[in-house]
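Read the structure below first, then the notes.
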Amino acid sequence: MDFETRKALDTDIDFLVRLRELTMSQYLQAVGWPTDRESFLSRIHYCFEAAQIVEINGRPAGLFKACFLEEKKQWYIFQIQVHPDYQGLKIGSRLIEKLIERATRDKVDVGLSVLKSNPARTLYLRLGFEPVADVGEEIEMFYRTAQ
């Protein structure tokens, strides 16, 4: 299925809160992390300038937020969420693969962190990310392109 991305706008905030609730609440609750609106908004607003709304047929279907961390010379995926109605269509894989292609061209790594309980971890492993640090309830992972 084809999709497009566009820059997230303030008018997308309600969609992003609902998306986070649908896609992350169970994993956050499992580790005792907050799932209130203010906590969701804090996460949504972090690096918001890089947030991309994934759209299918003009309808919001997900979020992809990755920033280049100049001091680390790496791309970092801060959030990737696909609405349950659109999961299983390889949207997440394609977004990550596109970022990996860019990082490979630029000879920089891609990093992310994932809750240990989040099944997305298997996707990241399948795409070639390697666990590099166990940080409490999360695992830091890198896709290494730089030599």
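Summary table below
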| item | result |
| --- | --- |
| Dipole moment magnitude, nearest 20 debye, the chain about Cα centre, only Lys, Arg, Asp, Glu C-beta charged | 400 debye |
| Antiparallel DSSP beta bridges within the chain, percent to nearest 5 | 90 percent |
| Long-range HN-HN contacts of Gly62 with modeled amide H, under 5 Å | Val54, His83 |
| Cut-off 12 Å between beta-carbons: net charge of the residues surrounding Tyr27, Lys and Arg +1, Asp and Glu -1 | 0 |
| Mean ellipticity per residue at 222 nm, deg cm²/dmol - from DSSP H runs of n ≥ 4 across the chain, formula -39500 (n - 2.57) | -10500 deg cm²/dmol |
| The chain: DSSP helices with Cα axial extent of at least 18 Å and average Kyte-Doolittle hydropathy no lower than -0.5 | 13-30, 91-106 |
| Low-density loop cleavage sites - chymotrypsin sites (Phe, Trp or Tyr not before Pro) in the stretch 27-115, where at most 14 other Cβ are within 10 Å (DSSP) | Tyr46 |
| Where trypsin sites (Lys or Arg not before Pro) fall in DSSP loop in the stretch 57-134, at most 10 other Cβ within 10 Å | Lys107 |
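Taken together, the values in this text are just the output of simple stated rules run on the coordinates, not laboratory data. Predicted, not measured: the structure shown is a model, and the values here were computed from it. Neighbour counts run over all protein chains shown; Cβ positions are idealised from the backbone, glycine included.
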